[in-house]
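Undergrad: Questions regarding the structure given below will be posed in turn.
Readers should treat all values here as calculations from the given coordinates under stated rules, not as data from a laboratory. The model shown is predicted, which means the values in this text are computed figures rather than measured ones. Glycine also receives a Cβ, built like all others from the backbone with ideal geometry; neighbour counts cover every protein chain displayed.
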Ligand code: 5AD
Ligand code: FES
């Protein structure tokens, strides 16, 4: 093993910061042993905060109508080939009821920026979910809104909000989005959400077109300022009906290394091993957990619409039922020595007790790191 590599990993862990040079070195230095040292350090940090807990979030993809036209995204408004759908309020609520029966304690309502879902409609849905499931957290992931709208969602009972910043660099942001969107507004939204009191998630696509190490370093600097509670990252995967259809996909290996660095720098953050990571590599989600991730977000949407919420090509689990993914994921988590608690899985700053007790329950569990590359 390369002692420089280990020394840099230890230093990052110690001071919870990373320089551009360190980032480049960590991402670009080859060697399985180096990588394994990095992942082991990240696992160790996750273990100290969360034990072997991996939280499941039930994802309800309730509309694929979107007024935006992001160059990377399969549900961009210009994609005439996307088959559009919207779930009714009743359908959304019944997804959550089924999810609660399966043991989920967080529902993530994710959708395109669909003007049909006015603030009134969103608030009604949030209120009804919270009324039916007072022990569950509701996460919204519905894009850029005004401070006032975010405040109304919070008042209605929403607990968390996911809005990936996509890239902290405003010029890079312009290369990924049409001129109607700006990096400044994106970041404004995230600071507003934090100020209102949400648990906030930001994030990036690893290997998005034109992304450089400098950009990724800016992302770290931005996140150290924002101090998000959740960070969602996955590899960029080209979608055939977008302007980026011929762009190279992001690398799984780089995604895993960035996950590990995020864990070292933000020990308490909720960090999903994303569906995009599971799409790019059949064992991607397990590898993500073994590199420091501690959240999985299986789909709860009705099977009739699953194949329509396609942000990128090849998305996994579009043919499965919610119950199947639930069983599958629990089994996958357990196979690598982790377990799925039935608690909300709040960020430790928000948790009354569960994160700490979850961390204690399983001190003696064995982590199995010898993940095979085939599913
Ligand atoms: N590849 C990977 N991730 C994507 N997303 C959107 N399009 C793609 C793609 N082609 C991500 C974005 C968005 C999140 C909901 O999904 O980061 O914020
Ligand atoms: Fe959907 Fe495994 S998570 S089938």
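Undergrad: Given the chain, what percent of its DSSP beta bridges are antiparallel, to the nearest 5?
TA: Of the beta bridges lying entirely in the chain, close to 5 percent run antiparallel.
Undergrad: Listed highest first by mean packing, meaning other Cβ atoms within 10 Å per residue, what order do 238-247, 263-272 come in?
TA: My ranking of the peptides, most packed first, is 263-272, 238-247.
Undergrad: Give the separation of the Cα centroids, the stretch 236-302 to the stretch 100-139, in Å.
TA: 24
Undergrad: Rank by packing, highest mean first: peptides 227-237, 37-47, 89-99, with packing defined as the count of other Cβ atoms within 10 Å averaged across residues.
TA: The densest-packed peptide leads the list: 227-237, 37-47, 89-99.
Undergrad: If you don't mind, another one. Determine the distance separating the Cα centre of the stretch 68-99 from the Cα centre of the stretch 10-25; give it in Å without decimals.
TA: 39
Undergrad: Give the relative contact order (percent, whole number) for the stretch 3-345; include only Cα pairs under 8 Å separated by 6+ residues.
TA: For the stretch 3-345, the relative contact order is 24 percent.
Undergrad: So for 54, 221, fewest C-beta neighbours within 10 Å to most, what's the order?
TA: Sorted ascending by nearby Cβ count, the order is 221, 54.
Undergrad: How many nm separate the modelled label positions at residue 185 and residue 342, each set 7 Å beyond the Cα in the direction of the Cβ?
TA: Taking the two extended label points, one gets 4.4 nm.
Undergrad: State, to one decimal in nm, how far the label point of residue 15 lies from the label point of residue 113, with both points 7 Å from Cα in the Cβ direction.
TA: 3.9
Undergrad: While we're here: Determine the shape class of the stretch 217-352: with a ≥ b ≥ c the square roots of the Cα gyration tensor eigenvalues, call it rounded for a/c under 1.5, and otherwise prolate if a/b is greater than b/c, oblate otherwise.
TA: Oblate is the answer for the stretch 217-352, as a/c is 1.5 or above yet b/c matches or exceeds a/b.
Undergrad: Counting other beta carbons within 10 Å of each residue's own, what order do 119, 135 fall into, fewest first?
TA: 135, 119
Undergrad: Would you please classify the overall shape of the chain from the alpha carbon gyration tensor, given that a ≥ b ≥ c denote the square roots of the eigenvalues, rounded means a/c under 1.5, and beyond that prolate means a/b larger than b/c while oblate covers the rest?
TA: Here the chain falls in the rounded category.
Undergrad: Take every Cα pair under 8 Å in the stretch 28-87 that's 6+ residues apart, average their separations, divide by the length, and report that relative contact order as a whole percent.
TA: That works out to 24 percent.
Undergrad: Rounded to the nearest 500, what is the 222 nm mean residue ellipticity of the chain from helices alone, with -39500 (n - 2.57) per DSSP H run of 4+ residues and division by all residues?
TA: Only helices count here, giving -13500 deg cm²/dmol.
Undergrad: Mark the label point 7 Å from the Cα of residue 88 along Cα→Cβ and return the residues of the stretch 46-75 whose backbone N is within less than 11 Å of it.
TA: none
Undergrad: Could you tell me the relative contact order of the stretch 13-144? Use alpha-carbon pairs under 8 Å, at least six residues apart, and round to a whole percent.
TA: 25
Undergrad: Sort 306-312, 283-289 for me by packing, meaning the mean count of neighbouring Cβ atoms within 10 Å per residue, highest on top.
TA: Descending packing order for the listed peptides: 283-289, 306-312.
Undergrad: Would you list 167, 275 from fewest to most Cβ contacts within 10 Å?
TA: Result, fewest neighbours first: 275, 167.
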